[in-house]
Amino acid sequence: MGQSPVFENLIITGLRGVGKTVLLETLRPLARAGDWLWVGADLSESASLREDHLAVRLCTDLAPLTSGFVVGTERRKEPGFGGQDFTVGQRLDYQTLRRLYQESPGLALDRLKTVLQATWTVVSGAPSPPRGIVFAYDEAQNLSDQAQHEEFPVALLLDSFQSLQRQGLPLMLVLVGLPTLFPKLVASRTYAERMFRVRFLDRLSEEESAEAILKPVADARCPLRLTGDSVRTIVQMSGGYPYFIQFICREVYDVFTQRADRGETASVPVAEIEQKLDADFFSGRWSRLTDRQRDLLWVIAHLDQSDSEFSVRDIVQGSAALSKPFSASHINQMLLNLAAQGLVFKNRYGRYSFAVPLLDRFIRRQTVAAEG
């Protein structure tokens, strides 16, 4: 955020549960302390389907911050007969931004650029102007160009910000999302590789996981004490993902404190926690899949490298024992569909990974449950 002008934007990416949203929220006060305005929200699928939808989303998010700025004056008449004319300040509120977008000439790109240019002109002219504006969006993997419908919201966002940044406007993009996000940006505009600095958040190490488990209960007033075996069990169950550490520790805390009250020795209830985790985190995603998609994911989950990377060739070989094995072309098509659902992603080396952490363990548990 010390850039002037802004030519480098930020992408925070990683699997679900690694703390992307938490990190994003820690950047907000830093930006404000540096005299930057912060505009942000989650990008829903509806906001990212059409160019106009995305432009209106930006206007909606800008309005709460800009409505205090006066852009001009207008004459109004007092109500009633014989009312006197009076002058009021016209504010840069949502109605003003939306009207400016709708009434500006050109394509959606031209109109959005007009709105952002006009906004910065007004904001930078204030008595104590900010250094710039940060546009921060979580769940940005929902952005997707729709060539079949001639709608290109990804291109709209990239083209507008790159153009305005080249003109010297201090507008910065911070996008947060699953690993499918960056490939979508590059597929839309190849210059996206130069436009963003990408930060991939990975799982915690065993030492870091243990610290995350023990530090919250280190207070002498905390009634919970965990043995080394309990900590190791939680580390193994969580896979190093902060979300799962938090989820499992909350369950462990409840169980341990209740048993301590009864004078009983407690151990981590692995099966019960896994069952609750499956219901709360995995089952909804699993229920939306077809039987054939489940078969493909079953094959992947039973590969030796299921928790890291796998290739189409690995899946072909792994499916050979099935009554209906998969062909390479079929696998490629299904992986595209699963990537669109946020379950897998393709890295730049032509290999795939699960986009949902510990999904392979969940699938293997379903296999055991079905056989039992």
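Candidate cross-link partners of Lys113 among the lysines, defined by an alpha-carbon separation under 28 Å and a same-chain spacing of 8 or more, comprise Lys184. When the chain is treated as a GNM with alpha-carbon contacts under 10 Å, the residue of Pro153, Pro179, Pro130 showing the greatest mean-square fluctuation is Pro130. Using the average count of surrounding beta-carbon atoms within 10 Å as a protection proxy, the listed peptides 244-256, 318-330, 32-44 rank, highest first, as 244-256, 32-44, 318-330. Kindly provide the trypsin sites (Lys or Arg not before Pro) of the range 146-234 that DSSP labels as loop, not H, G, I, E or B, and whose Cβ sees at most 16 other Cβ atoms within 10 Å. Answer in residue order: Arg221, Arg225. Net charge of the neighbourhood of Pro170, taken over other residues with C-beta under 13 Å away and scored Lys/Arg +1, Asp/Glu -1, is 0.
Packing, as the average of other Cβ atoms within 10 Å across residues, places the peptides 60-66, 110-116 in the order 110-116, 60-66, highest first.
Taking the fewest neighbouring Cβ atoms within 10 Å as the starting point, the ordered list for Thr190, Thr257 is Thr190, Thr257. In terms of other Cβ atoms within 10 Å, Phe69, Phe282 run from fewest to most in the order Phe69, Phe282. Across the chain, Cα pairs under 8 Å and at least six residues apart give a relative contact order of 19 percent. With a simple spin-label model that places each label point 7 Å from the Cα along the Cα-to-Cβ direction, the separation between Ala147 and Phe7 comes to 3.1 nm. Gain on full extension, evaluated as 0.36 nm per residue between Arg313 and Arg194 minus their Cα-Cα distance, stands at 39.7 nm. Listing Tyr137, Tyr352 from fewest to most neighbouring C-beta atoms within 10 Å gives Tyr352, Tyr137.
Among the listed pairs Lys324/Lys346; Lys20/Lys324; Lys215/Lys276; Lys20/Lys215; Lys20/Lys346, a Cα-Cα separation exceeding 29 Å is found for Lys20/Lys324.
The numbers here are math on the coordinates, done by the rules we state, and not lab data. Every value quoted in this text rests on a predicted model; they were computed, and no experiment measured them. Quick reminder, even Gly has a Cβ in these numbers, built from the backbone with ideal geometry, and neighbours come from all protein chains shown.
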